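These notes concern the structure reproduced below.
Bear in mind that the values in this text are calculations on the coordinates, not laboratory data. Owing to the predicted nature of the structure, the values given are computational and were not obtained by experimental measurement. Cβ placement follows ideal geometry from the backbone for every residue including glycine, while neighbour counts extend to all protein chains displayed.
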Amino acid sequence: MNANSKPHRHRDTVFVEEAEVLEHQGYDGKQFIMKLQAPKTAKDALPGSFIHLRCSKQRPMRRPLSIMRTDKQKGWIEILYRVFGEGTELLSQNPVGSYVNLMGPIGKPFVLNPERPRPLLLGGGVGIPPMVFIADEARKLKNTYKPMIFMGSETPFPFKTRPSQIMIPGLPDNTIAAMPLMEDWGIPSRLTSQQDFPGVYQGYITDLARAWLNTLDDAPRSEVELFACGPHPMLAAVAKVAQEFDLPCQVSLEEFMACAIGGCAGCVVKVHNDDGTTAMKRVCVDGPVFPAEAIFPNTS
């Protein structure tokens, strides 16, 4: 995938919707999962797409939030967010049956490659939602892809973990905690943290990725592609793993945004092109997904 390919794809498909809150569930660590009736957004959303949501009429400034799941037929989308400030605090107070205004779907998505049928999905904190979205898309093509997902968090996970029934050779025996939704989908998942949660790998998500990649022979390893979303230091570490194992990698950047349509240029990042040149790109218009080497060209 070229960092410059079809940078403005979303401009013809972004919608403004008054979305009804269908479900709104709170979890430890001030985390919330919200299901919204947004049929236009649900119809066109792809893994990596995000919405720009008005948290409250009292706070007109919007927040970019990744889409975690969609149902195109029923017309709903699901988002995961954590309360960080006044805006998301107000968002957390929206009850079922209320309405929030959103723009979406926005953004250049992740792209699954049939020549790399073993996607390894790495989500950190609020970077988990896009990985769930990719896993959902990949499982619908079960004869093509065999996804696996690792999720890291330094706060309690926004779901009740359970011991996995899907074994992953080469991982520590006590690394057994999994996301129930992935278990139900038949997708191997494991969790990482440095907070000593039961059954969770004690360390960085990239350490667990290395442990698994080192169990693979050359042939199966050549079928792997990395996908990641999370804090910038985590993405830099994932890019380094990709370089070490000579694997393609796509990353989704988390940046503050004011307009999300490319007008304010408040979310620009330096992108390294294939020809050795650099350019300043807007994460909302040209991303949020980029090839890892375009953002982290020198990871050694």
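At a glance:
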item	result
Peptides 129-135, 115-121, 196-202 ordered by average Cβ neighbours within 10 Å, highest first	129-135, 115-121, 196-202
Solvent-free Debye scattering, log10 I(q)/I(0), computed from the Cα coordinates of the stretch 118-252 at q = 0.09, 0.19 Å⁻¹	-0.22, -1.10
Positive minus negative residues near Gly104 (Lys, Arg vs Asp, Glu; Cβ under 10 Å)	-1
Linear extension gain, Glu223 paired with Phe15, 0.36 nm per residue minus alpha-carbon span	71.2 nm
Choice from Asn101, Asn113, Asn143 with maximal GNM fluctuation in the chain (Cα, 10 Å cutoff)	Asn143
Greater than 28 Å apart at Cα, pairs in Lys57/Lys140; Lys74/Lys270; Lys72/Lys270; Lys140/Lys160; Lys40/Lys140; Lys40/Lys142	Lys57/Lys140; Lys74/Lys270; Lys72/Lys270
Environment charge at Gly152 (Cβ cut-off 11 Å; Lys +1, Arg +1, Asp -1, Glu -1)	-1
Within-13-Å neighbourhood charge of Gly85 [Cβ basis; K, R +1; D, E -1]	+2
Normalised per residue, the volume of the convex hull around the Cα set of the stretch 8-90 (Å³)	101 Å³
The chain - mean residue ellipticity at 222 nm from DSSP helices (-39,500 (n - 2.57) per run, n ≥ 4, rounded to 500)	-5500 deg cm²/dmol
Highest-fluctuation residue, Thr144, Thr41, Thr70 considered, GNM on the chain with Cα pairs under 10 Å	Thr144
